[in-house]
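A.B. asks: Shown below is the structure under consideration.
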Amino acid sequence: MQLTRGSEYAIRGMLYLARQPRGRKVMTSTIARAAEVPASFLAKALQILARSGIVESYRGTGGGFSLLKPAGEITLRQIVEAVEGDIALNECLVHKDACKRVGTCPAHKIWKEAQKQLLRVLDKANLGDLARDAAALERPHKPARRR
């Protein structure tokens, strides 16, 4: 399993929105420039996120996008699943009838546990924490004082 660029761009755009004052509407072009992603890809991702109830879309003059919930309440799993669909390390974990060996496959329990751990990590990671981490990474580091 590998995330598509759509998910990567959506996460980068959402991180930018998470760092804005609550309720601030930001145009796609502004988000794209700040997140360093192509505006056309980002526009599609933001529309998907709007349909999923993660962001609010405003049309017309003064339009743009804003988060619908506080950043700390939006998880990476929500974003990825909105863009990609169900997260699955193997098809048998989503569609039980996809594999006739589900009951006899020795790897099935490994895939199931690995997916459980992945989903736990993505559920724990939220935009609020990531936005704070991003801000900390951007702060200039002060050089050590010489004596």
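Here, each number is a calculation from the coordinates, and none is a lab measurement. Just so we're clear, the structure is a prediction, and the values are computed from it rather than from any experiment. With ideal geometry, Cβ positions are generated from the backbone for all residues, glycine too; neighbour counts draw on all protein chains shown.
A.B. asks: If I take R0 = 30 Å and measure r between the Cβ atoms of Tyr58 and Glu81 in this structure, what FRET efficiency does the formula 1/(1 + (r/R0)^6) give, to the nearest 0.05?
C.D. replies: Values: r = 24 Å, r/R0 = 0.80.
The computed FRET efficiency comes out at 0.80.
A.B. asks: Hey, fewest Cβ within 10 Å first, where do Ile31, Ile48, Ile11 land in order?
C.D. replies: Sorted ascending by nearby Cβ count, the order is Ile48, Ile11, Ile31.
A.B. asks: Please give the length that would be gained between Ala136 and Arg22 if that part of the chain were fully extended, namely 0.36 nm times their separation in residues minus their C-alpha to C-alpha distance (nm, one decimal).
C.D. replies: 39.1 nm
A.B. asks: Which Cys in the chain stand alone, with every other cysteine's Cβ at 4.7 Å or more from theirs?
C.D. replies: Flagged as lacking a Cys partner: Cys105.
A.B. asks: Just to verify a number: FRET efficiency for Gln47 and Asp129, C-beta to C-beta distance, R0 = 22 Å, to 0.05?
C.D. replies: 0.30
A.B. asks: OK, next. How many nm is it between the label spots at Val121 and Glu91, if each spot is 7 Å from the Cα in line with the beta carbon?
C.D. replies: Output for this residue pair reads 2.5 nm.
A.B. asks: Calculate how steeply helix 5-18 sits against the longest principal axis of the alpha-carbon atoms of the chain, using the helix alpha-carbon long axis, and give the answer as 0 to 90 degrees to the nearest 10.
C.D. replies: 40
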